[in-house]
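The values are calculated or read from the model by the stated rules, or taken from the named source; none is laboratory data. Being a predicted model, the structure only gives us computed values, none of them experimental. Don't worry about glycine lacking a Cβ; one is built from the backbone with ideal geometry, like all the others, and counts go over all protein chains shown.
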Amino acid sequence: MRPTHHRQFLIALLCALVFLSSGVSALPGLVEAARAGASDRQPVAALQGPWRWLEPDLESLRLTTRLSLGPWQEVAVTRDSDRRRRIIEERGRASRESTRPEADTRFPDFGAGEPRPQSKASILRRAALKSARLLEAAGESAAAAEAYAGVVASREVVLIDVWHGLAANLARAGDSAGAEIAFMRGLDASGRAADQIRFRYDLAGFYAREGRLLESLAIVDALAPHVPESRVLANAQRGLRASIELSELVVPRGAELNWPVHEVPLDWAAFDPRFAQWVERLSPETQLRIYPWFERIKNDEVARTTTIAVAVALFLLAIFVLLRQRGDVSVAIEYPEELRGTFSVCLRGRRRSTPASLSEEQIRKGRASMRNKHHMVSRETRFQRLFTGRYHVIVDGLLIDPETDETLGRVHEEKIVRIRHRRTMRLEFDFHPTTSPVDIKVLWGDRSADEAQITVPGSINKPRLANKGSIRIVLPKGKHRLLIGCGDRAFDQNLEVSSFRPSLVQLDALESKAVFKGCPPAVVPFLMGDMLGVTKALERDGQSILGFRLMATQHRADGDVSRAADFFESAGDTHAAALLRLELGELDRAAALFEESSNWIEAAAAYRQGGQIVQAGECYERAFDYERAIGCFSEAGAIDHWLTALERFGEVFSAAKLALEHDQRPRAIRLLQRVEATDENFREVCSLLAEAFETEGHFDLAAGKLDEFISTFKPDFATADSYSRLAELWENSGHLERSLDVLEDLRRREPTFPNIAVRIEAHRKRRSASGHLFSSGSRATGGDATAFVGDVRYEIVEEVGRGGMGIVYCARDTRLDRVVALKRLPDSLRRNHPRALQFFLREAQSAARLNHPNIVTVYDADQEDGQFFITMELLEGQALQAILYERGQLSPGNVVGIARQTCRGLDYAHSQGVIHRDIKTANLFVTTERVVKIMDFGLAKVLEEVRGSTTLVSGTPYYMSPEQVLGEHVDHRTDLYSLGVTLFELSTGNVPFNSGEVGYHHRHTAVQDPRELRPDLPDSLAELILRLLEKDRGSRPQSANAVLEALFEMDPS
């Protein structure tokens, strides 16, 4: 079937033909002018050039007192030949009756007299025309007019150019009547198209000059369609209309004069009623133009035959062209890759009624495809060699689950496409579903739940009853909250829809974690989102805290943060309340709540943001983050807190110097005395202590420290002033002999030291005067005797603990007068494991070299009466094992703080070439000052020797690395594996492997993600623990310092 726009095209083509034909018949001269202008491609140029203008300024405003229609009624004089003849007769009669009878000789009758010889007439005509133009150029208008009249009187064919010259010169000479006759005669003369147009424009100027504005406007209006692009004519029309309107206003004259309009009745039905329906769709202006031509066709047999022949030829040509124009249509159907689609595509050229949709069975079975119907389409189909035009494309189809063959949805869509010649038009249909089916099944143990209801806030707001515990709902892709009520309990499940295929959500009401239980009246309000009703029901049931928590969650979702914080506080969830208070800007309250929930890092951040720097430092200190605590105390100028943090951080020397700067000498002395001889600052420590003791009057202690200061220069010597000062201190403390020994030693090395001889002589005289004689031998013996207090060095005070590797006592060192921890190894160790004792002595010596704030200092290792013992500093606090037993698990902030201090100690020990080999919670001690100390360096090698003895080692090696289990050579990375086990235990409350063959598990079984046991554990901490527990030591962090850097990068909150 042909598209409708083809017939409309033919109608318009026929009407255009009729219009053009009428124009050709009516104005042959003007058509030639228009063709000439079209050939030059410059139609406006017809009004340009050097020719005779009277007044070519028609656009200018002008007033006239002779505003009349003139002797015509309907059309311009240029279009009415009868009227032109009447004007010529009237003007000629008026001229003959005037006092100038010779005027008529200028317009002789062409039919009168005898014709002159051709050659003579031509010569005379050329001479007269040349003289006329010369006179016109000289400004002699009257003489020029006479010369032009002579050319006219030659009885030869007179072109329009001659009539134009005659009329223009008569008008300039003041002969208006003769000029008008010349213009009228010239309208019928022949000439070039451009001259015709210029002649008519000059006639309009002549009438405007005479004050006959209406006639001038009529001529310009008749001329405008032939030069449509001329700005000159357009300006002339506007100027003449404005002049006419202005003249009517200035010169009143009775009733208003309207432009005469000739009403032409358009009786199209007289031609053909069917043809009338087509033509009436055209505009009224077009109908007025083509109506005279149709009347002519109706009355003129020749014109009718010619028009019908041309129209039939054009119609056949159009049909031929249209039949040869064909194109293609490609229909592409888009839907999810995970589904299967079956579609029927229909192509229709005209739509009179909507076709019925195909049934599901028809779409599935399909049928044989035809030219305009394709069945069983999957993704794309193509219709070829279709006639150009507009078509309707209708697609019916099914979206099917490829696994179950279940119909998930039906689609029906219609689009319009316009086919173009030799082109393939692509049409796309997008059938991606907006929702996906979700099957929900609620169980009550081993059977289906009977009273299950579900809602999905934002999608399903009213409870829907699950039939025998099962229900299918449709949801858009994305994350949703699934609320389920079953009996006396409610559940809040996170649901993520990621596929357009049906997904199954199964929930066991007996095993899944419920929002609340045992309160049937609260179930329906919970599903409806009425948290106030839920809270009241729970409060009546004695579960007010749970109700407060739900109210807090609801207010938080509604944006009422303040109310949410209040309810969280009422529910006892101080951490959640603190986060909301922090969001509200209530920093003090947020910090207090963080402290209450033991989130020290977050509390410190809140305090610091609120300007309470000291409190922030205290919280950092509780989180074992001494570096930031020291920074806060330093910024606040809190000296006591600053000193304590430095001391706990192990920066004893820095703390001592700070104490000295702020005149806290007793505390500085105590801190300086804790610095070991192996410290790099020990020389300066001795100097500071000597000065402090001297200031306090303890000259003997000052001399002792100054002596240690001098000994640090060995094998070199200190300055002579140091020896001189040492002698002075010994002298002031009453040790005259020691002072004398120092001075004599100084004289041997520096004989020129000022007053050295005088001072020695003075000392000898004082010794002689006192009668004190002391030989060097007796002095040495006496010195040895005073090295001990009694026969026993260590006095046992009390037992403080015992384990598989011996008993720990609190003892007093009688030689150095200090309290120590003494660990005595079991008697069976000497009898059954002599090689272990060798390891013990060697490792104890290595451990004694370690001097670090996070490592227990080893003082001595020896035997007495066959019993081996080791002495170390006595600590006050608890082992991590005991702390973990009391709390179950530690907060992430505490875990990170303990790990940081442990890594510092391990990094120092590893740098000294010492491996612990037995890092565990029992060997990590937290002092009362919150400093972590690593214990039992030196005993790990012994532990390896006796690992197989059940009498000495109890339990299972939960902390051993895979290489330790296999008995391979171990390095410092075995301590990192044991540290990972320890952090796992601190975070979750259990070691990774606590049952079965633990050694096998350490070698082969993958470690469970700690976040599965503790969901709130930070991802960064959990990932670090898993890296430490890698089976391959090459996959673990390669140093304790690398672990420490990772710990400082993470946020424990």
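So here's what we get for this one:
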{"quantity": "All positions within region 850-868 that are surrounded by fewer than 20 Cβ atoms within 10 Å (Cβ to Cβ) and not in a loop (DSSP other than H, G, I, E, B)", "calculated": "859, 860, 862, 863, 864, 867"}
{"quantity": "Region 852-887 - residue that is of a type in the set (Asp, Glu) and at pLDDT 85 or above and, of those, nearest to residue 796 (Cα to Cα)", "calculated": "873"}
{"quantity": "Test: residue in region 414-435 that is assigned to a strand (DSSP E or B), among the basic types (Lys, Arg) and within 22 Å of residue 505 (Cβ to Cβ)", "calculated": "no"}
{"quantity": "Verdict on residue 369 being small (Gly, Ala, Ser), at negative phi and loosely packed, with under 14 Cβ neighbours inside 10 Å", "calculated": "no"}
{"quantity": "Those residues of region 873-925 which are farther than 16 Å from residue 937 by Cβ, of a type in the set (D, E, K, R) and not in a helix (DSSP H, G or I), in sequence order", "calculated": "876"}
{"quantity": "Cross-chain or 6+ apart pairs with Cβ under 7 Å, region 473-499 first and of a type in the set (Ser, Thr, Tyr), then crowded, with 17+ Cβ neighbours inside 10 Å and assigned to a strand (DSSP E or B)", "calculated": "499/436"}
{"quantity": "Test for residue 1014: is it of a type in the set (D, E, K, R), out of contact with any strand residue (DSSP E or B) (no Cβ under 8 Å at 6 or more places or on another chain) and over 26 Å from residue 891 (Cα atoms)", "calculated": "no"}
{"quantity": "Close pairs from region 745-757: first under 9 Å from residue 720 (Cα atoms) and without any contact (Cβ under 8 Å) to a residue 40 or more places away in the chain, partner outside any helix (DSSP H, G or I) and not acidic (Asp, Glu), Cβ under 7 Å, at least 6 apart", "calculated": "746/753; 749/717"}
{"quantity": "Sole residue being modelled with pLDDT under 80 and crowded, with 17+ Cβ neighbours inside 10 Å, chosen from 742, 685, 675", "calculated": "675"}
{"quantity": "Enumeration of residues in region 993-1042 that are out of contact with any helix residue (DSSP H, G or I) (no Cβ under 8 Å at 6 or more places or on another chain), assigned to a loop (DSSP other than H, G, I, E, B) and farther than 22 Å from residue 969 by Cβ", "calculated": "994, 995, 996, 997, 1005, 1006, 1008, 1015"}
{"quantity": "Test: residue in region 365-387 that is within 30 Å of residue 473 (Cβ to Cβ), in contact with a Pro (Cβ under 8 Å, 6 or more places away or on another chain), in contact (Cβ under 8 Å) with a residue 40 or more places away in the chain and not in a strand (DSSP E or B)", "calculated": "no"}
{"quantity": "Only listed residue being crowded, with 18+ Cβ neighbours inside 10 Å, within 24 Å of residue 1042 (Cβ to Cβ) and touching a Pro at 6+ places or on another chain (Cβ under 8 Å), chosen from 981, 998", "calculated": "981"}
{"quantity": "Residue, surrounded by the most Cβ atoms within 10 Å (Cβ to Cβ), within region 290-329, restricted to residues that are within 30 Å of residue 374 (Cα to Cα) and of a type in the set (A, V, I, L, M)", "calculated": "329"}
{"quantity": "Lone unmet requirement of (1) acidic (Asp, Glu); (2) part of a strand (DSSP E or B); (3) buried (at least 16 other Cβ atoms within 10 Å of the Cβ) for residue 539", "calculated": "(2)"}
{"quantity": "Counted residues, region 450-478 - those being modelled with pLDDT of 90 or more, of a type in the set (S, T, N, Q) and over 20 Å from residue 435 (Cβ atoms)", "calculated": "1"}
{"quantity": "Helices (runs of 4 or more DSSP H) within region 631-702 that include 1 or more residues at positive phi", "calculated": "none"}
{"quantity": "Flag if residue 170 is closer than 21 Å to residue 240 by Cβ and crowded, with 20+ Cβ neighbours inside 10 Å", "calculated": "no"}
{"quantity": "Complete set of residues in region 227-241 that are surrounded by 21 or more Cβ atoms within 10 Å (Cβ to Cβ) and among the hydrophobic types (A, V, I, L, M, F, W, C)", "calculated": "227, 233, 236, 240"}
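This table checks each residue for (1) β-branched (Val, Ile, Thr); (2) more than 26 Å from residue 91 (Cα to Cα); (3) in the same structural domain as residue 89 (by TED's automatic domain parsing).
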| site | (1), (2), (3) |
| --- | --- |
| 151 | yes, no, yes |
| 162 | yes, no, yes |
| 166 | no, no, yes |
| 171 | no, no, yes |
| 191 | no, no, yes |
| 205 | no, no, yes |
| 229 | no, yes, yes |
| 242 | no, yes, yes |
